[in-house]
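Peer 1: A single structure is presented below for examination.
The values are calculated or read from the model by the stated rules, or taken from the named source; none is laboratory data. Everything quoted here is computed from the prediction, not taken from an experiment. Cβ sites come from the backbone with ideal geometry, for glycine too, and all protein chains shown count toward neighbours.
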Amino acid sequence: MAMSLLDGSANLRCGWNLHIKKQHQHAAGLSSLIFKTGFLTDVTGLCAISSAAHGAVFRSVRAPVPKSISAARSARILCLQDSNSNTKYFDFVVVGSGVAGLRYALEVSKHGSVAIITKAEPHESNTNYAQGGVSAVLCPSDSVESHMQDTIVAGAYLCDEETVRVVCTEGPDRVKELIAIGASFDHGDDGKLHLAREGGHSHNRIVHAADMTGREIERALLKAVDDEAHPFVRPPFRYRSADFSVMVDIIPKNTCFQKATTGDDEIYCHGVDTLNTETRQVVRFIAKVTLLASGGAGHIYPTTTNPLVATGDGVAMARRAQAVISNMEFVQFHPTALADEGLPIKPTNRRENAFLITEAVRGDGGILYNQSMHRFMPLYDERAELAPRDVVARSIDDQLKKRGEKYVLLDISHKPREQILAHFPNIAAECLRYGLDITSSPIPVVPAAHYMCGGIRAGLQGETNVKGLYVAGEVACTGLHGANRLASNSLLEALVFARRAVQPSIDHMTRSSLDIHASTMWTRPVLPTSIESHAMQEILFRTKTTRVELQSIMWEYVGIVRSTNRLKTAEWKIGELEAEWEEFLFRREWKPMMVGLQACEMKNLFCCAKLVVSSALARQESRGLHYIEDFPFLEESKRKPTIIFPTSLKLTWSSQQAHKLAAGAPR
């Protein structure tokens, strides 16, 4: 794995060119949106590549299709499919239905046909679980410079300053657009937007809808997409994608993200393969432009606030497609997830994802105590409960380890009852289900994996080193967050970059063409129908236990506080676990091109876990979310992003494009 701390400044555009030539052409395409729910397979299969590792030369195939299409032609493209209905053609494919994916889809749908591919129900995204709000400078006493400074300080000075300025400057307009679309945010008695304050912010600048902001934004965007309905829009399908493939102008053998190069050695993406879990069919989406907005990888850890769909699919599949990855060591643990062990009535079943207690509770005056009711945050930081998340999470972790306790207490009960219920109705209702009245008792809380600050390396337009592939939201690493995300900057980043990716995507679409015969050029993933039922049950059980083991390793050795020895132990244990799991599958007749929901998620979890560990080992300093006992201090010379380049990939099934391994098992 080729990896380094990038020399020079922390500028994400340093060292490699991400700029796309802008040709402002507009297609008169039909405004069409189509939802598909599914699990993506891999970004690695639709191209033929040479056996040379880096700088391999690919043969490109140009399709004889006009560069621009009329509305009628667009309508035909929208419906176009092969005889088995397993290949579909669109101008744009959007992977993910959170704020980034939906906002982007609404804009590009004015210029061509769009397919939105979701892994579960359209509303099931990290956006839907975001409680706090969207940060934006909307108060006269606030300023873009102040928001920038707060972001950079929280990010431990690893943020890309140009990205920070762009996001903080454009943020207010993006929030106003949301309101125009139909999002309803809380207002004060004066009729103006109620702006909350959260940890790390010097001003009240958080636009929110009580403690259910993400849900309200998702509702508004889904309704807007619904209102864009067109006769050619299909009813939702339930898909699970098996593996992304970056489809390029080259003939490969793989799944849905495929890479290939033209004469100038550039990589191209031409769509995604998906696995429809209702019809049990692999469906190929061929598109001129693909946007990845697939969220994070919280489920590499046993306790996370992320929904079940957050298994790192986008990062893993783009990695296998040879996209550049950055800053994966910076995993944000939210300091305050609800600790079920401390509730008066214990939940009967283990939660699929931890229930988040929003940062806004501390911003509204909540105080952290240990179980002896001693306030501890002033011992760690002068900002106390309003310190950035990395500081608060480490402080709680230290208290738990020193005192041998399993949770701490967050108390907001000193505030007026009416205020608590008005600001945090969702949290109050959830706690009351288990016998806890937050207006009179403290809330038991514990840190949980929450957000990936690293991801697919992106430029200021959401562009990647893979042509035709754009990224937005948590799957991307834009440079905004640096070493630690400032509270409520995530929805803001998603909105800004989804919007910034629109024009370059349209430009790329108008100068690209679709080859309706290209689908047969790449080997399709297959379902494991040839495997005996008892063997499949063994595979499913082994995959389930392997997932739990991986999560345990990550929590034990790659958690909030790290050390070089523990990271090396994790690297060895994960490698062994992955090898054993793959060998188990292949001994039961599993083939490299086979896909299934559990197996694909397991591949992606392994890939992301290894990226986190490798990146953490490369950063020999403590900065932001990455705290390592061997190197407990900041090092100015190491104030550079961690870059993982697409070379020297280890030949395992999980980390390689499947078409390279189709000839046989990887060992």
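Peer 1: Quick check: anything in the range 82-98 in a loop (DSSP other than H, G, I, E, B) and at pLDDT below 50? Don't jump to the end; show me each part of the working.
Peer 2: So the first thing to find is which residues in the range 82-98 are in a loop (DSSP other than H, G, I, E, B), and the list is 82-86, 96-98.
Applying the additional criterion that residues be at pLDDT below 50 yields 82-83.
Yes, the range 82-98 contains at least one residue that is in a loop (DSSP other than H, G, I, E, B) and at pLDDT below 50.
So that you can scan it fast, the table gives a plain yes or no per residue for (1) out of contact with any helix residue (DSSP H, G or I) (no Cβ under 7 Å at 6 or more places or on another chain); (2) closer than 20 Å to Y451 by Cβ; (3) touching a residue at least 24 places away in the same chain (Cβ under 8 Å):
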| site | (1), (2), (3) |
| --- | --- |
| T305 | no, yes, yes |
| S326 | yes, yes, yes |
| V331 | no, yes, yes |
| H334 | no, yes, yes |
| A339 | yes, yes, yes |
| A354 | yes, yes, yes |
| Y369 | yes, no, yes |
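Peer 1: Restricting to the range 393-407, count the residues that are surrounded by fewer than 21 Cβ atoms within 10 Å (Cβ to Cβ) and outside any helix (DSSP H, G or I). Please lay out each step first, then the result.
Peer 2: Start the filter on the range 393-407 by keeping residues that are surrounded by fewer than 21 Cβ atoms within 10 Å (Cβ to Cβ), which leaves 397-398, 400-406.
So of that shortlist, the ones also outside any helix (DSSP H, G or I) come out as 404-406.
Number of matching residues: 3.
Peer 1: Would you confirm whether any residue within the range 340-352 is assigned to a loop (DSSP other than H, G, I, E, B) and buried (at least 24 other Cβ atoms within 10 Å of the Cβ)?
Peer 2: To start, the set of residues in the range 340-352 that are assigned to a loop (DSSP other than H, G, I, E, B) comprises 343-352.
Filter once more, so that each one left must be buried (at least 24 other Cβ atoms within 10 Å of the Cβ): none.
No, there is no match, as no residue in the range 340-352 is assigned to a loop (DSSP other than H, G, I, E, B) and buried (at least 24 other Cβ atoms within 10 Å of the Cβ).
Peer 1: Of the numbered conditions (1) of a type outside the set (F, W, Y); (2) on the phi > 0 side of the Ramachandran plot; (3) not assigned by TED's automatic domain parsing to the domain that holds S622, P525 satisfies every one except a single condition; which is it?
Peer 2: Tallying (1) of a type outside the set (F, W, Y); (2) on the phi > 0 side of the Ramachandran plot; (3) not assigned by TED's automatic domain parsing to the domain that holds S622, P525 fails exactly one: (2).
Peer 1: Given W572, W581, W590, which one is of a type in the set (F, W, Y) and either within 30 Å of F631 (Cβ to Cβ) or touching a strand residue (DSSP E or B) at 6+ places or on another chain (Cβ under 9 Å) (or both)?
Peer 2: Numbers: W581 fails: either within 30 Å of F631 (Cβ to Cβ) or touching a strand residue (DSSP E or B) at 6+ places or on another chain (Cβ under 9 Å) (or both); W590 fails: either within 30 Å of F631 (Cβ to Cβ) or touching a strand residue (DSSP E or B) at 6+ places or on another chain (Cβ under 9 Å) (or both).
Result of the check over W572, W581, W590: W572.
Peer 1: While we're here: Looking only at the range 281-321, count every residue that is out of contact with any strand residue (DSSP E or B) (no Cβ under 6 Å at 6 or more places or on another chain) and within 20 Å of M509 (Cβ to Cβ) and tell me the total. Outline the logic, then answer.
Peer 2: So in the range 281-321, the residues out of contact with any strand residue (DSSP E or B) (no Cβ under 6 Å at 6 or more places or on another chain) come out as 281, 293, 295, 299-300, 302, 306-312, 316, 320.
Checking the rest, the ones that are also within 20 Å of M509 (Cβ to Cβ) come to 293.
Count: 1.
Peer 1: Report yes if V475 is in contact with a Leu (Cβ under 6 Å, 6 or more places away or on another chain) and buried (at least 18 other Cβ atoms within 10 Å of the Cβ), otherwise no.
Peer 2: Values: in contact with a Leu (Cβ under 6 Å, 6 or more places away or on another chain): yes; buried (at least 18 other Cβ atoms within 10 Å of the Cβ): yes.
Yes; evaluated as a whole, the condition is true for this residue.
Peer 1: May I ask you to verify whether G459 is touching a His at 6+ places or on another chain (Cβ under 9 Å) and touching a residue at least 12 places away in the same chain (Cβ under 8 Å)?
Peer 2: Numbers: touching a His at 6+ places or on another chain (Cβ under 9 Å): yes; touching a residue at least 12 places away in the same chain (Cβ under 8 Å): yes.
It is true that G459 is touching a His at 6+ places or on another chain (Cβ under 9 Å) and touching a residue at least 12 places away in the same chain (Cβ under 8 Å).
Peer 1: Which fully enclosed helices (runs of 4 or more DSSP H) of the range 474-590 have 2 or more residues being among the hydrophobic types (A, V, I, L, M, F, W, C) and farther than 29 Å from I179 by Cβ?
Peer 2: Details: elements: 490-500, 502-510, 533-557, 564-587.
Per the criteria, 533-557, 564-587.
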